[in-house]
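I have placed the structure first, in the form of structure tokens, so that the comments after it can refer back to it.
The values are calculated or read from the model by the stated rules, or taken from the named source; none is laboratory data. Fair warning: this is a prediction, and the values are worked out from it, not measured in the lab. Note: ideal-geometry Cβ built from the backbone for every residue, glycine included; neighbour counts use all protein chains shown. Side chains are part of the model used for accessible areas, which takes the heavy atoms of the whole protein and leaves out ligands, DNA and RNA. Shrake-Rupley method; radii C 1.70, N 1.55, O 1.52, S 1.80 Å.
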Amino acid sequence: MKTRCKGLKSTCGKEATVYLGYIRRGFCDEHFIIYEIKRMSRTIKRYNMIKATKDTIFVALSGGKDSSALLDMLISYYNQIEEKYRPKIEGIHINLGIDINSFSDKSQNIVKKLCKRLNVPLHIIDLKKIYGHNLLEIKKSNQLRSKKICSICGTIKRYLLNKYSMELGATKIATGHLLDDEVALLMKNLIFGSIESLTRMSANLETIKEYNLLAKIKPLYEISEYETLNYVQIKNLPYISEKCPFTNQKSKKMKNVMLDLEKEYPNARYSLLRNFNKYYRTIFKTQNNLNTKPISKCKKCGQPTTMKICSFCRIMEKL
Ligand code: AMP
Ligand code: ZN
């Protein structure tokens, strides 16, 4: 039997195009989009992510569907609100110079197209132009250290996003991290007992000015990949459907395992994340209080680190 959309407040009755198992409800295109924006705005409020009149939010845009959906949802949500209560929203993209299948060029073009369509200012930070080397060249010169390319890429992205967003006037960086990402990481940390990592997991990391650490927020923290995929397709938003040539297969497997669990327990992932935030986090925090490494400033570049020299500077030293 075909499922019908029940609308949000009043009945709709159109045929449902998206079915969300965790609330056992189907939506037509129009009501699905409204529902997702509401869901994101609830997460923003729940975790106190944005101070609308004070914040300048830089949305970290990779060209992928999640950050494309995030930017559109933020713009759509704040467009419903009086202008004086809106935060400033801008985009920032890191071009890592991955030339396999012209991946980085394609990603950058998508991001440009998206920002043009949504009328959002965009900042492009080009690794090779600023530091003289692209990701693969940096990885090659780091071969003696057994660091994986995804880990080097992650360090570079975090570093550049933090440094340049702060310099360009952002008060917060918003990333497209999803329920799927957070739950997979949570499970990995639980399985391997990475207590310090568990205590650091958060939807909302605050600014620490004295260490040049800029706040990070994840407005899609409670939204799944299935939802962002439907969102970008219904709204016909530009996004790159190809995966990065270095995509981490292990983390993909963990995501699939957790997704499978929802066939039996439809709300399992959301519930795990909620309970972690409500109850378990404080337990891990008290357990780990004495062991957390204090944050300081890198002796070379002044960016935040828990060591004397930050990971980015140590990677660049090998060049
Ligand atoms: P990933 O770690 O690739 O799953 O990406 C997680 C989030 O980080 C994305 O949703 C983006 O918000 C951000 N991000 C990833 N790659 C880039 C990039 N090249 N430039 C800007 N932001 C990025
Ligand atoms: Zn440094």
For this session: Return the only residue of 76, 107, 102 being open to solvent by 30 Å² or more (accessible area, probe 1.4 Å), polar (S, T, N, Q) and out of contact with any Phe, Trp or Tyr (no Cβ under 9 Å at 6 or more places or on another chain).
Result: 102
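Taking the stated definitions as given, is residue 83 touching a Phe, Trp or Tyr at 6+ places or on another chain (Cβ under 8 Å) and open to solvent by 30 Å² or more (accessible area, probe 1.4 Å)?
Criteria not met by residue 83.
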Exercise. If you go through segment 264-306, how many residues are in contact (Cβ under 8 Å) with a residue 12 or more places away in the chain and in a loop (DSSP other than H, G, I, E, B)?
Worked result: 13
Problem set entry | Looking only at segment 169-181, and only at residues there that are of a type in the set (D, E, K, R) and in a helix (DSSP H, G or I), the one that is farthest from ligand 1 (Cβ to nearest atom) | 180
Problem set entry | Residues located in segment 143-172, provided they are surrounded by fewer than 22 Cβ atoms within 10 Å (Cβ to Cβ) and within 13 Å of residue 213 (Cβ to Cβ) | 158, 161, 162, 163, 166, 171
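Among the listed residues 311, 296, which satisfies the condition of being within 16 Å of ligand 1 (Cβ to nearest atom) and of a type in the set (Gly, Ala, Ser)?
311
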Problem set entry | Residue ID - farthest from ligand 1 (Cβ to nearest atom), chosen from residues in segment 120-168 that are free of Cβ contacts under 8 Å to residues at least 40 places away in the same chain, outside any helix (DSSP H, G or I) and under 22 Å from residue 68 (Cα atoms) | 121
Problem set entry | Search result, residues across segment 201-223 that are over 10 Å from the mean Cα position of the chain (by Cα), in a loop (DSSP other than H, G, I, E, B) and of a type outside the set (Ser, Thr, Tyr) | 201, 206, 212, 214, 222, 223
Seminar exercise, completed: Condition set part of a loop (DSSP other than H, G, I, E, B) and within 15 Å of ligand 1 (Cβ to nearest atom), scope segment 224-239, selection surrounded by the most Cβ atoms within 10 Å (Cβ to Cβ): answer is 239
Problem set entry | Among the residues listed as 295, 283, 309, the single one being modelled with pLDDT under 95 and within 16 Å of ligand 2 (Cβ to nearest atom) | 295
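Rundown of residues vs (1) at pLDDT 95 or above; (2) among the hydroxyl-bearing types (Ser, Thr, Tyr); (3) in contact with a His (Cβ under 8 Å, 6 or more places away or on another chain), yes/no style:
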| residue | (1), (2), (3) |
| --- | --- |
| 40 | yes, no, no |
| 45 | yes, no, no |
| 50 | yes, no, no |
| 61 | yes, no, yes |
| 84 | no, no, no |
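Select, from 250, 243, 255, the only residue that is within 16 Å of ligand 1 (Cβ to nearest atom), touching a residue at least 40 places away in the same chain (Cβ under 8 Å) and among the basic types (Lys, Arg).
Within the list 250, 243, 255, the selection yields 255.
Condition check: within 20 Å of residue 56 (Cα to Cα), more than 16 Å from ligand 2 (Cβ to nearest atom) and in a helix (DSSP H, G or I). Does residue 197 satisfy that?
no
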Seminar exercise, completed: The residue from 134, 101, 142 that alone is within 16 Å of ligand 2 (Cβ to nearest atom) and more than 17 Å from the chain's Cα centre (by Cα) is 142
Exercise. Which condition number in (1) part of a helix (DSSP H, G or I); (2) over 21 Å from the mean Cα position of the chain (by Cα); (3) closer than 30 Å to residue 94 by Cα is the one that residue 42 fails?
Worked result: (2)
Exercise. Considering segment 240-263 alone, what residues qualify as being within 18 Å of residue 218 (Cβ to Cβ) and either polar (S, T, N, Q) or part of a loop (DSSP other than H, G, I, E, B) (or both)?
Worked result: 251
Seminar exercise, completed: Within segment 1-25, restricting to residues that are touching a Lys or Arg at 6+ places or on another chain (Cβ under 7 Å) and buried (at least 19 other Cβ atoms within 10 Å of the Cβ), the one that is nearest to residue 231 (Cα to Cα) is 16
